[in-house]
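Trainee: My questions will all concern the structure given below.
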Amino acid sequence: MFRYEFSHTVLQALLTWLCRTRLMETGPRMRQNINIATAGLLELDNIAVEWYIPGEKEIAAVNFLLQRYLAPILNDLSQFSSGELSLDNETLQRTLKLVLKIVNAISEMIEPVKSGEYRSVLSSHMCWLDTLHIKIGGESVRKIMNDLMGRLQEKLIRNRSDDTDSFLCVIYIYDVLLFSHGLDEDEIGDHIDDHKREKVHREDKLRRGKKHLPGVHLDRIALHWETHVWLKNLLVMETVPDELVNKLLLLCTYRYSEVRVAAQELLIKVLARVGSCSHKQVLPYLVECLGQDVNAIKAGDTSMEQEAKEEAESRLKGALYIIYSEKHMFFYSWEAVSKLWPALVTAQQSDKQSKTQLKCLFDVIRIHFRCGRSSEGHQYQG
C-alpha cells in the first residue's frame, strides 16, 4: 500500500510541476541598486521575477504521462462500469485514488464543461490559457470524467451498494471536476489567510507603507494569479453539468451516512455558488422524497422490506437536510415555497424518527414563518 501511494504522489507532483503556471526566481530577489539601509524592504516594482508557462515540450510530456497512466485505468473503469471487467474493492479504490490525483494535478489545463455561452470578466484578458488545454482523444477531460463517473456510480449502486470508500472517491472526483482549476476555492481561501498573517508578521511597524520583504511581494503576486485563474473559471449555471447535479442528488439521499454527508456538503457548495437558478433542477427530487410514505412500504421478504424502509428514511432525511441548509434561499421564492410547503405539511414521517429529522423539519417550518414575517411589505423573489 505504501509503495503505490508513494508512486501516486510522485506522479501527481510531476504533473503539477509541468502543468501549473507559476512564478520562477531566476536570480536574486533584490536588484543590485537597492539601498541596504532599507533593511531589505522593497516596493513591488523592484522585484525581479519571471513566469513559467508550459510550452510544447511540457505539454508533450504531460500527454505522454496521461497516455501511459491515465488512459489505461480509464479504460478499465469503463469496462468495469459496463460489466466487461471485474475489479475487487481494493483495486477499484486504488484506481479511483490515482484518477483523483491525476485530475487534480492537471486541473489548470483542462477546460470546464459548458452547457451554454458564458464569458467571465477575465476571459478576454486570459484567453491565451485556452491554448494550453489538454484533451484525451479530442474530447474534454472533464466531460469524459463526468460521463465515466456517472456510469461508475450507477454500477456501484446496482452491485456494490456497501462500498462506501469507492463512493467517497467518486464524490471527491466530482469536487475536483467542478471546483479545481489549479487550486480550488478552499485552497485559495487558505492561501489568502496565510498571506494576511505573513504580511502582518513581517511588517515593519516603523516604516509601514507599501514596502515589504521580497517574500511577501512574491506571495502576493502568486495569490493574485491563482485568484485570476479561479475567477476566469468561476462556477456558474452554464458550467454545471445537469447530469452531475442529478447524480449528486442521489448520493445526498443515500442509505449510508458517510456517503450522504460528503455528497450533501458538495451539493450545498454548488448551490451556494450557483444560486437560486439551480433550484428548479433540485426541487422536484426533494419534493418527491418528501412525498413518499415510509410506513406504506410492503414487501414479501422481511429483509427486503426493512432495506426498502431504510432507503426511504435516508431519502427523507437527506431531503430535509438539504432544505434546511438552503432554507434562506428556498423560502424567499414563491415558486419554491409553493412546492415545498405542501410537501412538508403532508410528509409522512417514519416510525423510527431521528432527532435530526425532527430538528430539520421543525426548524424548516420555523424559518418559513420567520421569512414570512420579515418579508411583510416586500415581494418574494419570483
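The values are calculated or read from the model by the stated rules, or taken from the named source; none is laboratory data. The model shown is predicted, which means the values in this text are computed figures rather than measured ones. Heads up, the Cβs are rebuilt from the backbone with ideal geometry, glycines too, and the neighbour counts pull from every protein chain shown.
Trainee: Name the residues in segment 78-94 that are part of a helix (DSSP H, G or I) and without any contact (Cβ under 8 Å) to a residue 24 or more places away in the chain, would you? So that I can check it myself, show each step before the final result.
Mentor: Narrowing segment 78-94 to residues part of a helix (DSSP H, G or I): 78-82, 89-94.
Result: Gln79, Glu90, Thr91.
Trainee: Right, another one. Looking at this structure, is Gly215 more than 17 Å from the chain's Cα centre (by Cα), farther than 24 Å from Ser81 by Cβ and of a type in the set (Gly, Ala, Ser)?
Mentor: It is true that Gly215 is more than 17 Å from the chain's Cα centre (by Cα), farther than 24 Å from Ser81 by Cβ and of a type in the set (Gly, Ala, Ser).
Trainee: With a cut-off of at least 3 residues that are under 21 Å from Val113 (Cβ atoms), of a type in the set (S, T, N, Q) and in contact with an Asp or Glu (Cβ under 6 Å, 6 or more places away or on another chain), name the helices (runs of 4 or more DSSP H) lying wholly within segment 232-297.
Mentor: Answer list for segment 232-297: none.
Trainee: So which helices (runs of 4 or more DSSP H) are wholly in segment 134-205 and hold at least 2 residues that are free of Cβ contacts under 8 Å to residues at least 24 places away in the same chain?
Mentor: It comes to 141-159, 185-201.
Residues checked against (1) at pLDDT below 85; (2) closer than 15 Å to Glu335 by Cα:
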position: Tyr254; (1), (2): no, no
position: Val259; (1), (2): no, no
position: Ala262; (1), (2): no, no
position: Ala272; (1), (2): yes, no
position: Val282; (1), (2): yes, yes
position: Val287; (1), (2): yes, yes
position: Val294; (1), (2): yes, no
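Trainee: Does segment 224-249 hold any residues that are under 17 Å from Leu316 (Cα atoms) and surrounded by fewer than 16 Cβ atoms within 10 Å (Cβ to Cβ), and which are they?
Mentor: Of everything in segment 224-249, just one residue is under 17 Å from Leu316 (Cα atoms) and surrounded by fewer than 16 Cβ atoms within 10 Å (Cβ to Cβ), namely Asn246.
Trainee: Same structure again: Run down Leu41, Leu66, Leu15 and say which single residue is surrounded by 12 or more Cβ atoms within 10 Å (Cβ to Cβ), at pLDDT 90 or above and more than 20 Å from Glu226 (Cβ to Cβ). Show your work before the answer.
Mentor: Working: Leu41 fails: at pLDDT 90 or above; Leu15 fails: more than 20 Å from Glu226 (Cβ to Cβ).
Every option except Leu66 fails the conditions.
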